[in-house]
Amino acid sequence: MLNRYPLWKNLLVALVLVVSTIYALPNLYPPDPAIQISGASSALAIDDTVLDRARAALEEAGVAVKGSEVGPRSGLVRLTGIEQQLRAQALVRRALGDDFVVALNLAPTTPAWLTAIGGAPLKLGLDLRGGVHFLLQVDTDAAVVKRIAAYETDLRKKLREQRVRGLVKGGDGNRIDASFASDEARTRAVAVIRETAPELQRLTEEREGRYLLVLSLGEQQIREIEDYAIQQNLTTLRNRVNELGVAEPLIQQQGRNRIVVELPGVQDTAEAKRILGKTANLEFRLEARPDAPAADREQFEFRAGGGPERSAWLERDLIIGGDRVTGASSSFDENGRPQVNINLDSQGGTLMNRATRDNIKRRMAVLFLERKSRTVGYEKDASGNEVPVLERYDEKKIISLATIQSALGTQFRITGLDNPSESAELALLLRAGALAAPLDFIEERAIGPSLGAENIRMGVQSLAIGAALVFLATLVIYRMFGVFAVVALVCNVLMLVAAMSMLSATLTLPGIAGIVLTVGMAVDANVIINARIREELRNGMPAHSAIGAGYDRAWLTIMDSNLTTLIVGVILYAIGTGPVRGFAVTLSIGILTSMFTSVVVTRGLVNMFYGGRRLSKLSI
């Protein structure tokens, strides 16, 4: 029948609108400002005792606590105001000590029944009070020291192969000191160095009957090492953020040796802070022989659970480092203990095979390297808040020391880990790539409106004023059909918000502009339909026929105009970054929802109001 939907189509429209309403509801529940507590190590669990200590410290200082809860791997303390977050973080950090990571967070307040069906509030960008900001400093001096250590190891091997007797050891800062018993030995060493490492600067001198050779890097080489460390850290941080699943992150260099990381809509900021700053790496070394010279060996302790021994002597020379790891995954061995499966690149596999093939029945150690910090005091910042004074230090401990049974290649496994969480975290860090230099957190804050509260207020106000004017003009010009258009516009915004929430899209201030544009484009479609219906009525067509013809003949025009705009939105998303992508996402989703509401929903309303009635005229 003319201007009547079949039952299934009415049910479909109703279902879409009901689902949209349900998944838009979480946006009515604003998040609570909170601090999140997790262990500095993934093996350290958070329980009610830890949260009780945190709450006691806050209540003693007069900080109002709204509530607390224990999660699978962390705990949350909810606060009553966002202005209390920084002070609360400092108080809890001081009360709990260095064994715990205390980070800022926004805790969701969505009801459990909505969360159970996958409902979640819309993720807001950093310019709309969502996310966390980290400023990290790259320890470029450590990168230079690491490269000097690699030169030291290589030179010691080359001189040993050429049978040049001498003592090679790292000096202070950017230098390697070599000592020889004769000028002839030093001359031969210079020839070897000139061939293998010509970039090293050489300075000779004689002292107390020894022939000394001082090697160092020039300013240009140091600059290249520092630049490489920063770029490698940027790449590694991007990989780690991808592993965390953060949408629309901002990771960029600031100044000479700093990196800014902004994570919009992040939920687990404590986990993000621990993963981002983890300078975890591996070194594979052979156990030193009992008769090895003291200069060629080092003593390291075992981590808890790493082995029955307390310490072991290892060779200074590395077989390979963590930079040769191309893949890592966590699993369990035949005894149900956690392990990490390692994949090496071709060069790493060659070096590992060569070292293990020639050392069957010797023991090989896996060293775990980690940059840590400890609190040595407290001081007040410019705002009068107490902040900890941290001392950074590097920890190297053995996690595995096993006898080599056969030659290894590009694939093998490491054991000796405490629990599955630790093995999963180590696999994530190795898979994302090793940091070329340690990172220190020098600033952390919850991001408020980066464009200012006034700009955000004006952005929301522009949407409200624009929508109101559009509603008024539509009602005045098209009367009853204007009412249908206004209802469709409301449904359009509802569906747009629900779709972005379900897709975990990030709304930014440019995204609000996209919503405003979407409202205008949705009205444009109804203007085309209503103008076509008026034209058919002027041509003498009956009312019901004019309605059908208006929708049918306007459809191709609406589809063409929206399709071209959608193509532009997809291109903007593909080649744009940051705010441009936020605008493109909102615009693209809005085009799809507006086509549905402008044509299908308004037609359904018209059918419900006019369908089955005898009409002499239309209110249009």
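The values are calculated or read from the model by the stated rules, or taken from the named source; none is laboratory data. As the structure is a computational prediction, the values presented were derived from the model and not from experiment. Glycine also receives a Cβ, built like all others from the backbone with ideal geometry; neighbour counts cover every protein chain displayed. When the accessible area is computed, the model is the full protein with side chains, heavy atoms only, and any ligands, DNA or RNA have been set aside. Shrake-Rupley method; radii C 1.70, N 1.55, O 1.52, S 1.80 Å.
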What list of ³J(HN,Hα) values in whole Hz, one per residue of segment 503-512 in order, does the Karplus curve 6.51 cos²θ - 1.76 cosθ + 1.60 (θ = phi - 60°) give from phi, with Gly and Pro shown as x?
8, 6, 6, 9, 8, 10, 4, x, x, 4
Could you give the length gained by full extension between Gln405 and Ala181, i.e. 0.36 nm per residue of separation minus their alpha carbon distance, to one decimal place?
76.7 nm
For the chain, what is the mean residue ellipticity at 222 nm derived from helices alone (per DSSP H run of n ≥ 4: -39500 (n - 2.57); sum divided by total residues; nearest 500 deg cm²/dmol)?
-15500 deg cm²/dmol
Per the rule of 0.36 nm per residue minus the C-alpha distance, extending Val580 to Ser311 adds in nm 91.3 nm
May I ask which residue of Met502, Ser619, Ala143 lies farthest towards the positive end of the charge dipole of the chain, with charges of +1 (Lys, Arg) and -1 (Asp, Glu) on Cβ and the Cα centre as origin?
Ser619
So if we plug the beta-carbon distance of Val570 and Glu208 into 1/(1 + (r/R0)^6) with R0 = 60 Å, what FRET efficiency do we get, rounded to 0.05?
0.20
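Give, rounded to the nearest 20 debye, the magnitude of the charge dipole that the chain has about its Cα centre when Lys and Arg contribute +1 at Cβ and Asp and Glu contribute -1 at Cβ.
Working: 70 positive and 67 negative charges, 370 e Å.
Here the size comes out at about 1780 debye.
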Would you list Lys66, Lys372 from the most to the least accessible area, probe 1.4 Å?
Lys66, Lys372
Do you know the relative contact order of segment 451-567, to the nearest whole percent, from alpha carbon pairs under 8 angstrom that are 6+ apart?
23 percent
Using only Cα atoms and rounding to the nearest 10 degrees, what angle (0 to 90) does helix 219-244 make with the longest principal axis of the chain?
50 degrees
Could you tell me which label, among (1) 255; (2) 210; (3) 288, carries the value of volume of the Cα convex hull per residue in Å³ calculated for this structure?
(2)
Pop a pseudo-label 7 angstrom from the Cα along the beta-carbon direction at both Asp141 and Thr235 and give the gap in nm to one decimal.
2.7 nm
For a quick check: with amide H placed at 1.01 Å from N, whose amide H comes under 5 Å from Asn281's, ignoring anything fewer than 5 positions away on the same chain?
Leu369
Quick check: from the Cα gyration tensor, does segment 300-372 come out rounded (a/c under 1.5), prolate or oblate?
rounded
Please give the contour-minus-distance gain from Glu69 to Glu535: 0.36 nm per residue of separation, less the Cα-Cα distance, rounded to one decimal in nm.
161.4 nm
Do any GluC sites (Glu not before Pro) in segment 296-345 lie in a loop, going by DSSP, with at most 10 other beta-carbon atoms within 10 Å of their beta carbon, and if so which?
Glu309, Glu334
Can you give me the distance in nm between label points at Gln162 and Gln220, each placed 7 Å from the Cα along the Cα-to-Cβ direction?
2.3 nm
For Val260 and Glu395, what is the calculated FRET efficiency with R₀ set at 25 Å and r taken between the beta-carbons, to the nearest 0.05?
0.40
Can you give the angle from 0 to 90° between the axis of helix 346-357 and the longest principal axis of the chain, with both taken from C-alpha atoms, to the nearest 10?
40 degrees
Positive dipole terminus of the chain, leading residue within Ala197, Tyr478, Leu263 (C-beta point charges):
Tyr478
Need one number: nm distance between label points at Ser504 and Ala294, each 7 Å from Cα along Cα→Cβ, rounded to one decimal.
5.6 nm
Take every Cα pair under 8 Å in segment 135-230 that's 6+ residues apart, average their separations, divide by the length, and report that relative contact order as a whole percent.
30 percent
Shape category assigned to segment 307-349 from the gyration tensor of Cα positions, a/c cut at 1.5
oblate
Rank Gly218, Leu91, Ser421 by how far each Cα sits towards the positive end of the charge dipole of the chain (+1 on Lys, Arg Cβ; -1 on Asp, Glu Cβ) and give me just the farthest.
Ser421
Compute the acute angle (0 to 90°) between the alpha-carbon long axis of helix 48-60 and the principal axis of greatest extent of the alpha-carbon atoms of the chain; round to the nearest 10°.
80 degrees
How much solvent-accessible surface does Lys146 expose, in Å² to the nearest 10, with a 1.4 Å probe and all protein chains in place?
100 Å²
What does the charge dipole of segment 1-126 about its Cα centre add up to, to the nearest 20 debye, if the Cβ of each Lys and Arg holds +1 and the Cβ of each Asp and Glu holds -1?
640 debye
Only loop residues by DSSP count here, and only those with at most 12 other Cβ atoms within 10 Å; note down the GluC sites (Glu not before Pro) in segment 162-217 that meet that.
Glu199, Glu208
Heavy atoms only, probe 1.4 angstrom, no DNA, RNA or ligands counted: give me Leu250, Leu367 ranked by accessible area, highest first.
Leu250, Leu367
Going 7 Å from the Cα of Glu334 along its beta-carbon direction, which residues of segment 388-408 have the amide nitrogen within less than 19 Å of the resulting point?
401-408
